[in-house]
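Below: one structure, written as structure tokens.
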Amino acid sequence: PNGGFRHIGTARKLQREGVKPGIPDLFVPICRVGKGGLFIEMKTKKGRIRPDQAFWIAELSHQYQVVVCRSLDEGIASIRTYLDAMQ
């Protein structure tokens with residue numbers, strides 16, 4: 001349930017269930033280039049990274065490849081580049 005806007009009641013319910021705000025939108029769980037997977041935060045061209053997102057991007061970057069993509073084409077290219085990288 002990452003990403004998107006929700007009614008406050010739904011957001012609270014998800015948080016009680018363990019969903020953390022700021023986690024990137026997509027995850028590719030395949031190890032490459034010394035990283036445990038690829039996290040992708042999708043944004044619009046003018047979209048801004050919120051403080052909670054910046055925190056998780058920095059934290060996850062220690063063990064995972066993390067990218068911010070601003071279009072579908074950029075997201076696809078990031079996945080292809082990551083998967084093509086040598087292990």
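The values are calculated or read from the model by the stated rules, or taken from the named source; none is laboratory data. Every value quoted in this text rests on a predicted model; they were computed, and no experiment measured them. As a convention, Cβ positions derive from the backbone with ideal geometry for all residues, glycine included, and neighbour counts pool all protein chains shown. These accessible areas exclude ligands, DNA and RNA; they are computed on the full protein's heavy atoms, side chains included. Shrake-Rupley method; radii C 1.70, N 1.55, O 1.52, S 1.80 Å.
General observations
- Matching residues, the range 20-74, being touching a helix residue (DSSP H, G or I) at 6+ places or on another chain (Cβ under 8 Å), closer than 20 Å to ASP84 by Cβ and either polar (S, T, N, Q) or part of a loop (DSSP other than H, G, I, E, B) (or both): ILE30, VAL33, GLN65
- Filtering the range 75-87 to residues that are assigned to a helix (DSSP H, G or I), aliphatic (A, V, I, L, M) and either surrounded by fewer than 12 Cβ atoms within 10 Å (Cβ to Cβ) or over 13 Å from the mean Cα position of the chain (by Cα) (or both) leaves ILE76, ALA77, LEU83.
- Within the range 36-58, the set of residues being touching a residue at least 12 places away in the same chain (Cβ under 8 Å), among the basic types (Lys, Arg) and open to solvent by 50 Å² or more (accessible area, probe 1.4 Å) comprises LYS45, ARG50.
- Filter result for ASP25 (modelled with pLDDT of 90 or more, surrounded by 11 or more Cβ atoms within 10 Å (Cβ to Cβ) and in contact with a strand residue (DSSP E or B) (Cβ under 7 Å, 6 or more places away or on another chain)): yes
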